[in-house]
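As structure tokens, the structure follows; a few thoughts come after it.
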Amino acid sequence: MKTARYIFCIVAAAVIFLPSGFTSASEWQAKAEAEGKLTWYASLGTTDARRIIDRFKESYPKIDAQFYRAGDAQLMERILTESRAGRFEWDVVSTTGFYAYNLKKRGMVAAYDSPERKFIRAGHKDPQATWTSIYTNYTVLGYNSRLLAKSSVPKSHADLLAPIWKGQIGVVQTAYEWFAVMLHGMGEEKGLAFMRALAKQQPQLRNGRTLLAQLVAAGEVNSALAAYSQNFENLKRDGAPVDWAALDPVYGNLNPMGLSAQAPHASAGKLFIDFVLSKAGQETIRAQRRVPDRVDVLPDPPKLAQGFTAVFTPDEIYADFDRYVKLFQSTFESK
């Protein structure tokens, strides 16, 4: 009898001290199913978004989950236009860091500390829980392995200033965040001196990292700076003569997901975020040849998220982003 009374007291105490607003998983699901709908605004590819939605529907068939896909800038404009009209049609958004920062600044995303966030890598989630990254693109040096021997691969960014690299480096023409983070990490004076020296190497600016990786594979340039590692890994997997090297520090381009502060289906939105951050959701992202952010779902191959120091864009860069864009353009595009 004493044992039973003791167990009852422990259970009662646990109930009393449950965090405010606590809701069990089954209760979230019940509320989400009662709402019956979910709308996700996404900037990742249409095929990838559809696969994630389909996997979610397999687990929660009673919820009519839909997505709207657009580029980051177009997505932001749609959200702002709807807000000005007093319409709130989206529940969850996934975009890139600059736009997530601006949505948070405008108070358009709500804090939601999903129980799955504890499995997401440090640095890949907002301390205030308004967003959590679902995958990351890491910038590396990609190179043509036929044109460049492994022994000749640079060990640092400074190595790219050697004369043999003149005219042999491709850079995406919108690598603004990489540029800004490098300046921030080096110190602006030292960072600008490096970038101006790099500009004298006559890098070839190209529109888009996927295109740049393909140009490296074709031998048009022998390397690409600020390129995404998975683009080269995917080409390598398909037989292209390419490889990549991580030059510390490696800029990590996060892809945050957040809940609308005016979500018409908030419970369904939270359930969807839980799913995308869950092991099943992150495995779905890995199957799309992306680099998931969950610690127990390593990318394929694991080296895509290992063996280097990742750095991210601090808020102070986003707050002064136009200046960094102009600095990049004046440094590289006028050369």
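The values are calculated or read from the model by the stated rules, or taken from the named source; none is laboratory data. For clarity, every value in this text was computed on a predicted model and none was experimentally measured. Cβ: placed from backbone, ideal geometry, glycine included. Neighbour counts: every protein chain shown. The area values use the complete protein model at the heavy-atom level, side chains included, leaving out ligands, DNA and RNA. Shrake-Rupley method; radii C 1.70, N 1.55, O 1.52, S 1.80 Å.
Data overview
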{"read-out": "Bins of 20 Å from zero: percent of alpha-carbon pairs in the chain", "value": "29, 51, 17, 3, 0"}
{"read-out": "Segment L205-E82, extension gain: residue separation times 0.36 nm, minus the distance between their alpha carbons", "value": "40.7 nm"}
{"read-out": "Using a Förster distance of 25 Å, the FRET efficiency for A319-S152 (Cβ separation, nearest 0.05)", "value": "0.05"}
{"read-out": "GNM result for the chain, Cα springs below 10 Å: residue of Y324, Y228, Y143 fluctuating most strongly", "value": "Y324"}
{"read-out": "Alpha-carbon Rg/Rh ratio, for the stretch 189-326, with Rh computed the Kirkwood way", "value": "1.02"}
{"read-out": "Unit charges on C-beta of K, R, D, E only; dipole of the chain, Debye", "value": "360"}
{"read-out": "Antiparallel bridges, percent of DSSP beta bridges restricted to the chain (to nearest 5)", "value": "55"}
{"read-out": "Relative packing of 133-141, 87-95, which averages over residues the other C-beta atoms within 10 Å, highest first", "value": "133-141, 87-95"}
{"read-out": "Per principal axis, descending, Cα span of the stretch 148-216 in whole Å", "value": "31, 27, 19"}
{"read-out": "Longest to shortest principal axis, alpha-carbon extents of the stretch 46-167, angstrom", "value": "58, 35, 28"}
{"read-out": "Per residue solvent-accessible surface (Å²) - the chain, probe of 1.4 Å", "value": "47"}
{"read-out": "Partner lysines for K150 [C-alpha distance under 28 Å; skip if fewer than 8 residues away on the same chain]", "value": "K166, K200, K236, K303"}
{"read-out": "Given charges at Cβ of Lys, Arg, Asp, Glu: the stretch 142-192 dipole, positive-most of S152, A175, A162", "value": "S152"}
{"read-out": "Peptide ranges 203-209, 36-42, 263-269 listed from the most packed, as the mean C-beta count within 10 angstrom indicates", "value": "263-269, 36-42, 203-209"}
{"read-out": "Extension gain from F119 to E220, taking 0.36 nm per residue of separation minus the Cα-Cα distance", "value": "32.2 nm"}
{"read-out": "Label-reachable residues, the stretch 232-258, where backbone N falls under 12 Å from a point 7 Å from H184's Cα toward its Cβ", "value": "251-254"}
{"read-out": "Global geometry of the stretch 282-330, whether rounded, prolate or oblate, following the gyration tensor of its Cα atoms and the 1.5 cut on a/c", "value": "prolate"}
{"read-out": "Inter-label distance, nm, simple model (7 Å from Cα along the C-beta direction), A193/A162", "value": "2.2"}
{"read-out": "Within the chain, helix-based [θ] at 222 nm, where runs of 4 or more DSSP H residues each add -39,500 (n - 2.57), nearest 500", "value": "-12500 deg cm²/dmol"}
{"read-out": "Check: the stretch 94-208 dipole with +1 on Lys, Arg Cβ and -1 on Asp, Glu Cβ, in debye", "value": "220"}
{"read-out": "Span per principal axis, largest first, for the Cα atoms of the stretch 214-271 (Å)", "value": "51, 27, 16"}
{"read-out": "Diffusion coefficient, µm² s⁻¹, Stokes-Einstein with Kirkwood Rh over alpha-carbon pairs of the stretch 59-116 at 20 °C and 1.002 mPa s", "value": "165"}
{"read-out": "Accessible surface of K166 - all protein chains present, 1.4 Å probe, nearest 10 Å²", "value": "100"}
